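Structure record follows, encoded as structure tokens.
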Amino acid sequence: MSVAPPTMAPQAGAPQAVDVAAARPRIRPLRWAAGAVLLVLVAQFAWFLVTNPRFEWPVAGRYLFDPNVLRGLGMTLVLTVIVMLLGSVLGVLLAAGRLSGFRPVAWACGVYVTVFRSIPPLVQLIFWFNLGYLLPRIPLGIPFGPTFVSWPTNSVISSLTAAVIGLTLHETAYMAEIVRAGILAVDGGQRDAARAMGFTARQSFVKVVLPQAMRVIVPPAGSEFISLLKGTSLVSVIAMADLLYSVQVIYNRTYEIVPLLIVACAWYLVVVISLSMGQRRLERHFGKGQR
Amino acid sequence: MSDTPVLRVRDVRKRFGDHVALDGVSLDVHEGEVVTVIGPSGSGKSTLARCVHQLESIDGGAMYLDGELLGYEFHRGHLRPLPDRRVAAQRGRMGMVFQQFNLFAHWSVLRNVIEAQVLVHGRRPEEARREALRLLERVGLADKADAHPRMLSGGQQQRVAIARALATNPRIMLFDEPTSALDPELVDEVLSVVLDLARGGMTMIIVTHEMSFAREVADRCVFMEKGQIVETGTPEEIFDNPASPRLRAFLSRYSGRPAQLSGEHLLEEEITP
């Protein structure tokens, strides 16, 4: 027995002696290195934030709750919610249209999505804001027939209506694709069963297909909501008093550009984080019964 | 009881592209009658069930439920398709049980059985709930009322699906291979529920691969191949004295198998030529 090398583990051949529960974690040097690098980077960035006087943190703090900034934030939120609501409703209709068995409708909805996904929202905003050039008066009447009333376009298209129209048309196209993907993800057997129970096409869509599609729709729709919120900052180019425009008005007067951009960033961050939390709750709600 | 069959299928044709799925199928099912449909895969058995339930449109022929033309109406001397609402109402008078169960995944078991009663047949919710619980009791799943379908075994899901289809008092029940998606040991619990329905006098069409069951439960048995009904008769005629060579060839592939309520032979059957 003494011929066994002394470095051999004690009782390596005895199976009852081993219990992996007693194992100690392995040391992983690369992880420690990555951790150290991360720590240095964070410290460096924090140092930069704190020591660079040009951030003018006190100025940022002073404007954070400035009434004009809060009004801008309110406008941003209102615009986001209006556009998202309109975009979601129209998006569902458009998605249903694209999946319609009636070819011309499906085709028209497909063309809409292609066109409005292709045009940058900024271009659309400027276009709608200048609609008055193309169409001086907005008529209401029988197509190709008599006009009952008409309004001067420039009094109808304010920066708010231009923003709502432009962003909604854009948003609708994206929501339609998200909803369509969700609908297609629902097993065909569910629709079969709904029809077999005697549900009408609408009942089976509203009661059975759409609720199950929500599980697939919510995550990308949440991202869409967030990117829309940030996308509303585009409306500052048509002089609409959103969050970005409000801080721009202030820094054009005071030249405190950086601290005021920080104010805007802080609010965007706060809103987006709360939205993400809401999204997670929605996902849990619609995920129940699945897996 | 009148002479009008509950379901009358007349020369029904259906094709999917170039493939002829139903090639002139005619079949009458009378009150309280149980008809089982057997035949090789792709013979059109399932298509027949789906066409009767109007989940697929038919290309020709006609179908009647209690003498009422299914899916079409006469308008100024011409036939035209019924509006969706009327078709839905006709579907609501039949019950369908699918191979893949297709329970509504976002609803509890109880709500699965309640919803069509309220939505389609306008029952009061509390009445629908009582009826649903009674039916779940009947299929032995009253204790699973609040569970979600995913939490149930395949056999349990299929029994819920049967309760759901029964909830609207259908004139006829259609079973589309109700045990083909089940693990072998779960087949019997579903078949015994179906057998129980048959003894209770329910009018049924059962498409199945379970030969011994098809024989035991049937008043009349139908053999289909290549979209046609090749032979129809009592279980004894079909299984003991098959007239056509095609039926004999089909049955011989099942011969020598133990005659019991079990699906184990099915798995082998798919492989054996």
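Readers should treat all values here as calculations from the given coordinates under stated rules, not as data from a laboratory. Only a predicted model underlies this, so the values are computations on that prediction, with no experimental measurement involved. Here the Cβ positions follow ideal geometry from the backbone for every residue, glycine too, while neighbour counts run over all protein chains shown.
Under the classification rounded if a/c is under 1.5, otherwise prolate if a/b is larger than b/c and oblate if not, where does segment A:135-291 fall, given a ≥ b ≥ c as square roots of the Cα gyration tensor eigenvalues?
Note, shape of segment A:135-291 comes out oblate.
Of the DSSP beta bridges with both residues in the protein assembly as shown, give the percent that are antiparallel, rounding to the nearest 5.
Numbers: 29 of 45 bridges.
Antiparallel bridges: around 65 percent, rounded to the nearest 5.
What's the magnitude of the charge dipole for segment B:7-252 around its Cα centre, counting Lys and Arg as +1 and Asp and Glu as -1 at the beta-carbon? Answer in Debye, nearest 20.
My answer is approximately 940 debye.
Among A:38, A:159, A:219, flag the residue with its Cα farthest along the positive direction of the charge dipole of chain A, charges on Cβ as +1 for Lys/Arg and -1 for Asp/Glu.
A:219
Enter the Cα centre distance for the pair segment A:69-138 and segment B:163-240, rounded to the nearest angstrom.
53 Å
Using all C-alpha to C-alpha distances in segment B:10-105, build P(r) with 5 Å bins and read off the rounded percent in each one.
Taking all Cα pairs of segment B:10-105, the binned fractions are 3, 10, 21, 24, 21, 14, 5, 2, 0 percent.
Measuring from centroid to centroid over Cα atoms, what is the spacing of segment B:1-59 and segment A:214-291 in Å?
If you average the Cα positions of each part, the centres end up 57 Å apart.
May I ask you to list, by number, the DSSP H helices of chain A whose Cα span along the axis is at least 30 Å and whose average Kyte-Doolittle hydropathy reaches -0.5 or more? Don't jump to the answer; show the numbers that get you there.
Values: long enough: A:29-51 (33 Å, 1.65); A:67-98 (45 Å, 1.66); A:159-185 (39 Å, 1.11); A:257-287 (44 Å, 1.11).
Helices passing the filter in chain A: A:29-51, A:67-98, A:159-185, A:257-287.
So what's segment A:28-70 giving for Cα Rg divided by 2.2 N^0.38 Å, two decimals?
On the way: Rg = 17.0 Å, N = 43, 2.2 N^0.38 = 9.2 Å.
The reported ratio for this selection is 1.85.
With the Cα gyration tensor of segment B:49-154 giving a ≥ b ≥ c as the square roots of its eigenvalues, does the rule (a/c under 1.5 for rounded; else a/b larger than b/c for prolate; else oblate) give rounded, prolate or oblate?
Since a/c reaches 1.5 and a/b is larger than b/c, the shape of segment B:49-154 is classed as prolate.
Along the charge dipole of segment B:7-252, which of B:120, B:20, B:47 sits closest to the positive end, that is, farthest toward it, with unit charges on the beta carbon of Lys, Arg, Asp and Glu (+1, +1, -1, -1)?
Checked the options; the winner is B:120.
Going by average Cβ neighbours within 10 Å, how do the peptides B:99-110, B:30-41, B:144-155 rank, with the highest at the top?
B:99-110, B:30-41, B:144-155
Residue by residue, what Karplus-based ³J(HN,Hα) values in Hz, rounded to whole numbers, does segment B:81-90 have, using 6.51, -1.76 and 1.60 with θ = phi - 60° and x for Gly and Pro?
Going residue by residue, I get x, 6, x, 3, 4, 6, 4, 4, 5, 5 Hz, with x marking Gly and Pro.
Would you kindly compute the Cα radius of gyration of the protein assembly as shown and its largest Cα-Cα separation (Dmax), both in Å?
Spelled out, the Cα radius of gyration and Dmax of the protein assembly as shown are 33.5, 113 Å.
Sum -39500 (n - 2.57) across every DSSP H segment of at least 4 residues in chain A, then divide by the residue count to get the 222 nm mean residue ellipticity, nearest 500.
-22500 deg cm²/dmol
Using only the alpha carbons of segment B:7-252, what is the convex hull's orientation-averaged projected area in square nanometres?
It is 14.2 nm².
Suppose we take every Cα in segment B:131-180 and form the convex hull; what volume per residue is that in Å³?
Working: hull volume 3.8 nm³, N = 50.
Per-residue hull volume (Cα only) is 76 Å³.
Grab the DSSP H runs of chain B that are 4 residues or longer, score each as -39,500 (n - 2.57), total them, divide by all residues and round the 222 nm result to the nearest 500 deg cm²/dmol.
On the way: 10 runs with 97 residues, N = 273.
Mean residue ellipticity at 222 nm (helix-derived): -10500 deg cm²/dmol.
Report, by chain and number, residues whose modeled amide H sits under 5 Å from the one on residue B:34, excluding near sequence neighbours (fewer than 5 apart, same chain).
Distant-sequence amide H within range of residue B:34: B:204, B:219, B:220.
Which listed residue (A:125, B:35, B:69) has the Cα farthest towards the positive end of the charge dipole for the protein assembly as shown, taking +1 on Lys and Arg C-beta and -1 on Asp and Glu C-beta about the Cα centre?
Toward the positive end, the furthest listed residue is A:125.
Within 10 Å of each Cβ of B:97-104, how many other protein chain Cβ atoms are there on average?
Mean inter-chain Cβ contacts per residue within 10 Å come to 5.
Which of the lysines could a cross-linker span from residue A:207 if the Cα-Cα distance has to be under 25 Å and same-chain partners fewer than 8 positions apart are dropped?
Those lysines meeting the cut-off are A:288, B:144.
On each of the three principal axes of the Cα atoms of chain A, give max minus min coordinate, whole Å, ordered largest first.
113, 69, 28
Let's see if you can work this out: charge +1 on each Lys and Arg Cβ, -1 on each Asp and Glu Cβ, no other charges. What is the dipole magnitude of segment B:26-104 about its Cα centre, in debye to the nearest 20?
300 debye
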